[in-house]
């Protein structure tokens, strides 16, 4: 099978708060968590279904640290989980700041493989 992802994904569970433009990116949001994560996107497990193409704001609380990062992303795919009232959504991050990318690199590569000297 052809791998379309440009970045390495890590199995990494982090608490997530999801908001949409409908609620003006404010309010309590929907509690969720990541299943996997990269510097370009995430698979998020949530109790709410989001249509493909929906733009969401994600507050990602990085596990085992006191850090969080706010990211905008577009829902690229949706899959209901069998025998559960949960959904998996594939989110591609958009308009990443250099600080957000650096925070993700330090979190993912620093814990698992060591921070790379070059990033594609």
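Throughout, read-outs are computed from the coordinates displayed, never taken from laboratory work. Everything numeric in this text was worked out from a predicted model, so none of it was measured. Don't worry about glycine lacking a Cβ; one is built from the backbone with ideal geometry, like all the others, and counts go over all protein chains shown.
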Open item on the list: With an 8 Å Cα cut-off and a minimum separation of 6 or more residues, compute the relative contact order for the stretch 10-107 in percent.
Closed with: 25
TODO: Rank the residues 33, 107 as a footprinting-exposure proxy: fewest other Cβ atoms within 10 Å of their Cβ go first.
DONE: 33, 107
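Neighbour counts of other C-beta atoms within 10 Å: give me 21, 38, 98 arranged from fewest to most. Write down the numbers at each step before the final one.
Details: 21 11, 38 18, 98 7.
Taking fewest neighbouring Cβ atoms as first place, the list is 98, 21, 38.
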Open item on the list: Once each part is reduced to its C-alpha centroid, what is the distance from the stretch 63-105 to the stretch 10-42 in angstrom?
Closed with: 5
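Peptides 42-51, 82-91: what's the order by average Cβ count within 10 Å, highest mean first?
In decreasing order of mean packing, 42-51, 82-91 become 42-51, 82-91.
Sorted from fewest to most neighbouring beta carbons within 10 Å, what does the list 97, 20, 39 look like?
Numbers: 97 11, 20 17, 39 23.
Listing 97, 20, 39 from fewest to most nearby Cβ atoms yields 97, 20, 39.
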TODO: Decide, for the stretch 1-102, between rounded, prolate and oblate: order the square roots of the alpha carbon gyration tensor eigenvalues as a ≥ b ≥ c, take rounded if a/c falls under 1.5, and otherwise choose prolate if a/b is larger than b/c, else oblate.
DONE: rounded
Open item on the list: If I model a spin label at residue 95 and residue 55 as a point 7 Å from the Cα along the Cα→Cβ vector, what separation in nanometres do I get?
Closed with: 0.6
